[in-house]
Amino acid sequence: VQLQASGGGLVQAGDSLRLSCAASGRTFSGYVMGWFRQVPGKEREFVASIWWSSGVTDYADFVKGRFAISRDYAKNMVYLQMNSLKPEDTAVYYCTSSSGTYWSTSSEASNEYWGQGTQVTVSS
């Protein structure tokens with residue numbers, strides 16, 4: 001299984017970015033797809049998730065109303081639309097996936113699959 005994250009970059013506060021995660025290697029029915037982020041020296045934190053089959057979503061409080069997660073069945077892609085970006089959103093963003101049974105939003109989550117991360121930098 002491979003999760004390939006892309007779309008990061010350097011933007012200014014208030015701008016938008018869309019992260020993409022290309023998923024391959026298995027069918028994801030019954031799986032949860034999500035995004036975490038991490039700043040060097042800090043704990044990894046949950047950002048958003050979506051159940052592949054039902055489309056049910058979940059968000060961290062600090063991104064509600066600004067970020068939106070979605071998935072595209074045909075392309076096996078997961079997206080994170082990030083609007084109204086703030087400097088504190090600066091982090092490496094990781095795409096992750098796990099079966100619904102084992103999915104976790106904990107900072108110590110040992111979800112089954114992780115992508116390589118994409119850097120998002122928001123300048124003030």
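General remarks:
- Among the residues of segment 96-111, those identified as surrounded by fewer than 16 Cβ atoms within 10 Å (Cβ to Cβ) and not in a strand (DSSP E or B) are G100, T101, Y102, S104, S106, S107, E108, S110.
- Any hit, segment 57-68, residues being out of contact with any Leu (no Cβ under 9 Å at 6 or more places or on another chain), open to solvent by 20 Å² or more (accessible area, probe 1.4 Å) and in a loop (DSSP other than H, G, I, E, B): yes
- Residue in segment 39-47 that is open to solvent by 10 Å² or more (accessible area, probe 1.4 Å), of a type in the set (F, W, Y) and either out of contact with any Asp or Glu (no Cβ under 9 Å at 6 or more places or on another chain) or modelled with pLDDT of 95 or more (or both) present: yes
- The lone criterion from (1) of a type outside the set (A, V, I, L, M, F, W, C); (2) outside any loop (DSSP other than H, G, I, E, B); (3) more than 17 Å from Q4 (Cβ to Cβ) left unmet by K42 is number (2).
- Residues (modelled with pLDDT under 95 and open to solvent by less than 30 Å² (accessible area, probe 1.4 Å)) located in segment 69-80: none
- Every residue from segment 81-95 that is assigned to a strand (DSSP E or B) and either surrounded by fewer than 21 Cβ atoms within 10 Å (Cβ to Cβ) or of a type in the set (A, V, I, L, M) (or both): Q81, M82, A91, V92
- Residues (without any contact (Cβ under 8 Å) to a residue 60 or more places away in the chain and more than 14 Å from the chain's Cα centre (by Cα)) located in segment 16-32: S24, G25, R26, T27, S29
- For segment 56-89, residues that are over 18 Å from G8 (Cα atoms) and either in contact with a strand residue (DSSP E or B) (Cβ under 7 Å, 6 or more places away or on another chain) or among the hydrophobic types (A, V, I, L, M, F, W, C) (or both) total 8.
The values are calculated or read from the model by the stated rules, or taken from the named source; none is laboratory data. Note that the structure is a prediction, hence the values are computed from the model and not measured. Here Cβ is always computed from backbone atoms with ideal geometry, including for glycine, and neighbour counts include all displayed protein chains. Remember, those area values only see protein heavy atoms, side chains included, never the ligands or the DNA or RNA. Shrake-Rupley method; radii C 1.70, N 1.55, O 1.52, S 1.80 Å.
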